[in-house]
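Remarks on the structure that follows.
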Amino acid sequence: MLQVVINSIVYASEIAIIAVGVSLCYSILRFANFAHIQLAIVGGYLTYSFSQIPGMPLAVAVFLAALSTGFIAVLIDLVVFSRIRHISAEGKMIVSWGVALFIRSTIAAIYGGSARVFDVQTDVIVHEGAVFTTLDIAVVTATLALMIALHGFLYRTRLGSALRALASNYELAVTRGIPGDRLIAFMWFLSGALAAVGGSLIAMQTRLQPSLDLVILLPVFAAVTIGGMSNVFGAVIGAIVLSFAQNFLIWIDFGSLFLGEPWHIPTQFRDYAAVLALLIVLLFKSGKASGARK
């Protein structure tokens, strides 16, 4: 049981940082940005590149990658998304998918398709039968620190209050003197930087390759959907709920419960919990919307 809880907390920490950026973008621009997942992969590769500099501490490499990815996100908005503000949310979503494919192809062209592994020194810790590593602790600690810092920024600073005002009512906020375009650019920078940190942490735990986006795409958007697309910290709750659901799903001995012989759901079916969660939430929201129209 303890092992499942630890695995769930670590996995939720990895997903939450990326999910927050998706929610932040949706709360202001009102579209699901699939290219955000690619920003996480960009951040992972930039962290790897910076870490190859002799004497470069890994934490500094992550920081530099986050800054660089933030500026890349701003550049993408300047070149692409700022020019299509007027089109429908569906149109923006389709464009974001095209941007995602372009970024993925660019990464593959630059780094190739082979996997890269971070040279991370980590120690194994055994506690009451549960096994985890110092890297797991670092991942959870980094996520917790970033979420606390983000909460303080959004709710304790004027800039954060302005971003929340844009998310609440963009037109009203702009008429009251809030510089919408500049704050949107800052939002892109912030979401890109968070994506880079999340992508780097996942790459350190697994391995870095262009197809890593396929691994994190579904759980990230499932977490955001569970928590509410425009609810930034709801995405964190969604990541926690999803992670625990996935890990307990493969931990429960369904065979002993129903068949009398041990049988567990294979690990490779864990992501089906994300699909099921998406389906349930979307059906619930659809039913609720239909009831409201009646």
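No lab work stands behind these numbers, since they all come straight from the coordinates. All figures in this text were calculated on a predicted structure; none of them were measured in a lab. Using ideal geometry, Cβ is built from the backbone for each residue, glycine included, and neighbour counts are taken over all protein chains shown.
For this structure, a couple of remarks:
- Relative to the Cα centre, the charge distribution of the chain, modelled as +1 at Lys and Arg Cβ and -1 at Asp and Glu Cβ, gives a dipole magnitude of about 1280 debye.
- Measuring between their Cα centroids, the stretch 166-231 and the stretch 236-279 lie 27 Å from each other.
- Under the span-like rule (Cα at least 18 Å along the axis, Kyte-Doolittle mean at least 0.0), DSSP H helices of the chain: 2-29, 35-51, 58-79, 89-111, 134-156, 180-205, 212-227, 232-251, 272-293
- At 1.306 mPa s and 10 °C, Stokes diffusion of the stretch 2-209 via Kirkwood alpha-carbon radius, µm² per second: 88 µm²/s
- Among Val22, His36, Gly91 the positive-end extreme of the charge dipole of the stretch 2-209 (Cβ point charges): Gly91
- The packing ranking, built from the mean of other Cβ atoms within 10 Å per residue, places the peptides 185-197, 245-257, 51-63, 35-47 in the order 35-47, 185-197, 245-257, 51-63, highest first.
- Of Tyr272, Tyr170, the sequence from fewest to most neighbouring Cβ atoms within 10 angstrom is Tyr272, Tyr170.
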